[in-house]
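**Student:** Sharing a structure, written as C-alpha cells. Questions coming.
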Amino acid sequence: MSTHQKPTLLTPEGKAKLEEELRYLKEVRRPEVAEMIRRAREEGDLRENAGYDEAKREQAFVEGRIQQLEELLRHVQVIDEAAKAQGVVTIGSTVVVREEGGPEERFTVVGSAEADPANGRISNESPIGKALLGHKVGDRVEVQTPGGTIVFEIVAIE
C-alpha cells in the first residue's frame, strides 16, 4: 500500500452520509450479523449449514465495507465553499451547461466517492468534470469524449 493516499474529496453532505453508513454498519449490522452467526452455530453441524455460510459471507461484506469507509474518511477533504463563491466551477458546484443547439443540462461536480452520473453527480476526475473545473459563466469548454469533442457553454454556476 502506498504511503501517500490521495484525499477523498467530499461535500459536507457526502461526508455526513458516509459517516452515517459507517455508524449503521458498526452499531446495527455488525451486531445483527454476529447474532446470525451465533444462532447458526447453535444449530449444530456447520459443514452443511447454509445459514452459517450466508452469515459468514455477510460478515465479510460488512467488515470489508467498514474498512473501506474508515479508509475513505481517514483521508477526507471537505470541499471548500469559499472557492465556489468566486464564481468559478469547483468541486461541489452545480453547473448548468448547454451544448450548441441542445437543451440545458445540469451537473454537480463531486469527488469520485460521491459520483452518481445517472443522477447528474459527476466526478471531478471524469472528462466533463475535469474540463469544467476552474471555468466561469459564459466560458466555452471543450470536452474530449469517446464519441468525439463536445463543446459546452457554461450557462450558470449554482
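**Student:** With +1 on each Lys and Arg Cβ and -1 on each Asp and Glu Cβ, and nothing else charged, work out how big the dipole of the chain is about its Cα centre, in Debye to the nearest 20.
**Tutor:** Using Cβ point charges on Lys, Arg, Asp and Glu, the chain gives about 340 debye.
**Student:** Here is a follow-up. With Kirkwood's inverse mean 1/r over C-alpha pairs for Rh, give me the Rg to Rh ratio of the chain, two decimals please. Intermediate results must be reported in sequence, preceding the final value.
**Tutor:** Details: Rg = 21.7 Å, Rh = 18.5 Å.
Taking Rh as the inverse mean 1/r over Cα pairs, Rg/Rh reads 1.17.
**Student:** Shifting gears a bit: Given the stretch 81-157, what whole percent of its Cα pairs are spread farther than 21 Å?
**Tutor:** Value for the stretch 81-157: 18 percent of Cα pairs lie more than 21 Å apart.
**Student:** Pairs of Cα atoms under 8 Å, at least six residues apart: use those to get the relative contact order of the chain, whole percent.
**Tutor:** 22
**Student:** Number of Lys pairs in the chain with C-alpha atoms less than 27 angstrom apart, excluding same-chain neighbours closer than eight positions?
**Tutor:** The number of close lysine pairs in the chain is 17.
**Student:** If the chain between V76 and E125 were fully stretched, how many nm would it gain, using 0.36 nm times the residue separation less the Cα-Cα distance?
**Tutor:** 16.0 nm
**Student:** 222 nm [θ] for the chain, helices only, -39500 (n - 2.57) per DSSP H run of 4+, per residue, to 500?
**Tutor:** Taking each H run of at least 4 residues, the total per residue is -12500 deg cm²/dmol.
**Student:** Could you tell me how many degrees, from 0 to 90 and to the nearest 10, lie between the Cα long axis of helix 30-42 and the main elongation axis, the longest principal axis, of the Cα atoms of the chain?
**Tutor:** 30
**Student:** Would you mind calculating the gained length between E153 and L46 on full extension (0.36 nm times residue separation, minus the Cα-Cα distance), in nm to one decimal?
**Tutor:** 32.3 nm
**Student:** Evaluate the distance, in nm, between pseudo-label points positioned 7 Å from the Cα of Q68 and of D139 along their respective Cα→Cβ axes.
**Tutor:** Roughly 3.3 nm, to one decimal.
**Student:** I would also like to ask the following. Using label points projected 7 Å from each Cα along Cα→Cβ, tell me how many nm separate S112 and D53, to one decimal.
**Tutor:** A separation of 3.5 nm, rounded to one decimal place.
**Student:** Would you work out which of I79, I37, P117 lies farthest towards the positive end of the dipole of the chain, given +1 charges on the beta-carbon of Lys and Arg and -1 on that of Asp and Glu, about the Cα centre?
**Tutor:** I79
**Student:** Another one. Would you please calculate the Kirkwood hydrodynamic radius of the stretch 8-78 over all C-alpha pairs and express it in Å, rounded to one decimal?
**Tutor:** For the stretch 8-78, the Kirkwood estimate is 13.5 Å.
**Student:** So how much slack lies between F61 and R30, counting 0.36 nm per residue of separation and subtracting their Cα-Cα distance, in nm?
**Tutor:** 10.1 nm
Here, each number is a calculation from the coordinates, and none is a lab measurement. Nothing here was measured: the structure is a model prediction, and the numbers come from that model. Neighbour counts are summed over all protein chains in view; Cβ atoms, including those assigned to glycine, are modelled from backbone coordinates with ideal geometry.
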